[in-house]
Amino acid sequence: MTDDQRTLALGAAARAKTRPSSQNGNHDTAEQLARIWQEILGIDSVSPDQNYFDLGGDSSLAVQMFAQIEKTFNIKLPLATLYDAPTIEELAKILHGETAASGWSPLVAIQVAGSRPPFFCMHGAGGTVLMYRDLSRRLGEDQPFYGLQAQGLDGGSSPLTTVEQMAALYVEEIRRVQSHGPYFLGGYCLGGTVAFEVAQQLRAGGETVALLALFDTMNWHKIPLTIWSKSSHATQRLYFHAASFFSVDSDGKARFLKEKLGVLRSRIPVWQGMLLSRFSNGSSRAVSDSLVLGKVWQANDRASWNYIPKPYPGVITDIRPARQYRVFSKPDLKWDRLAQGGQQSIVLPVNPAMMLVEPFVEHLAVALRRSIDAAMSRSDANSSREALVKSV
């Protein structure tokens, strides 16, 4: 682990702007947090050392929980705090802790420990990186994993409006952890598009990209946005969800339903935000949080449709589902013509929109780890050849 990584690990916990206000009196912080968790998660009791995610928490519930924490303690924390403090005990320490001006950063240390090269994974359209938790966990404890989340989620800055702007910001953040290549990059959906541009900018700066892995990512600006394409996509989406549900055993069905309900809940605040951006003055905290999510999603969607990728002078690893939406199956929507170094296609036995969802995420984790292993071997071989040439 580099000195920069150690620094990030020590400083990864979100910094509160102020200490809990005096209006809380002598109330114990942990007890107040327990009451918030019980209400948000719909459980009767919770112990200080129980993990938020293990209790059924997800990104949508986290939005509600952190809004309540801000209301109670007068402290605004980013959603990614849950990676550093997933228990009441750890979260209480942060609320009583340091007072840096801001704890928000585009870079989220999801898994810091490990001897392998870090993998940097870009956010999807929603802007958050909580969806990568299961993937990171299944990659193993020896695989460092960092997420890049969208600017604007803190509510204090405007969302970036182009993929190029996002990539430029994330390159700076990535180089704080790893100053030089070879780099290992990836992302799901829009995240793959952003990773593509990050790789372009790193290579333009003279750096080496060992792996560029795109998870179910399209060349979005070539996809037609018509009433027919949207209705076809919606119809097939229902079909693929049903097919995925019936393809697993009873335990898998339970995990699948839990995951998809979580995804649905995560979309509700976004939909609310999109509506509220038209009809609300945004005065309440709940409204404000939904507006933030809605604006970030809308900005990311527009950026993805407007981005025109240029030929990439390297290898692209395209990880895709076994089946695809009709509207996404047309020629030239993938990356083979842009990958000047060649394209490696990996087809997973999953339906669209399922590769990050339990129990199917295991397929992605296995494929990604193998891809990282292969890229590490190629990188080591190239380094050996370069060292040999220099010695001659």
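Here is how the numbers come out for the structure above:
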| read-out | value |
| --- | --- |
| Simple label model, 7 Å out from Cα along Cβ direction - L333 to R176, nm | 3.7 nm |
| The stretch 108-199 - convex hull of the alpha-carbon atoms, volume per residue in Å³ | 89 Å³ |
| W104, W37, reordered so the largest accessible area comes first (probe 1.4 Å) | W104, W37 |
| Theoretical gain in end-to-end length, E164 to R378 [0.36 nm per residue, Cα-Cα removed] | 74.2 nm |
| Probe 1.4 Å - accessible area at L107, Å² to nearest ten | 20 Å² |
| Rounded Å value of the spacing that divides the Cα centres of the stretch 88-164 and the stretch 303-377 | 22 Å |
| Per-peptide average of other Cβ atoms within 10 Å, ordering 73-80, 364-371, 185-192, 41-48 highest first | 185-192, 73-80, 364-371, 41-48 |
| About the Cα centre, charge dipole magnitude for the stretch 94-170 (Lys/Arg +1, Asp/Glu -1 at Cβ), debye | 180 debye |
| With all protein chains modelled, accessible area of R137 [1.4 Å, Å²] | 130 Å² |
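The values are calculated or read from the model by the stated rules, or taken from the named source; none is laboratory data. Because the structure is predicted, anything quoted here is derived from the model rather than measured. All Cβ positions, glycine included, derive from the backbone under ideal geometry; neighbour counts span all protein chains shown. The area values use the complete protein model at the heavy-atom level, side chains included, leaving out ligands, DNA and RNA. Shrake-Rupley method; radii C 1.70, N 1.55, O 1.52, S 1.80 Å.
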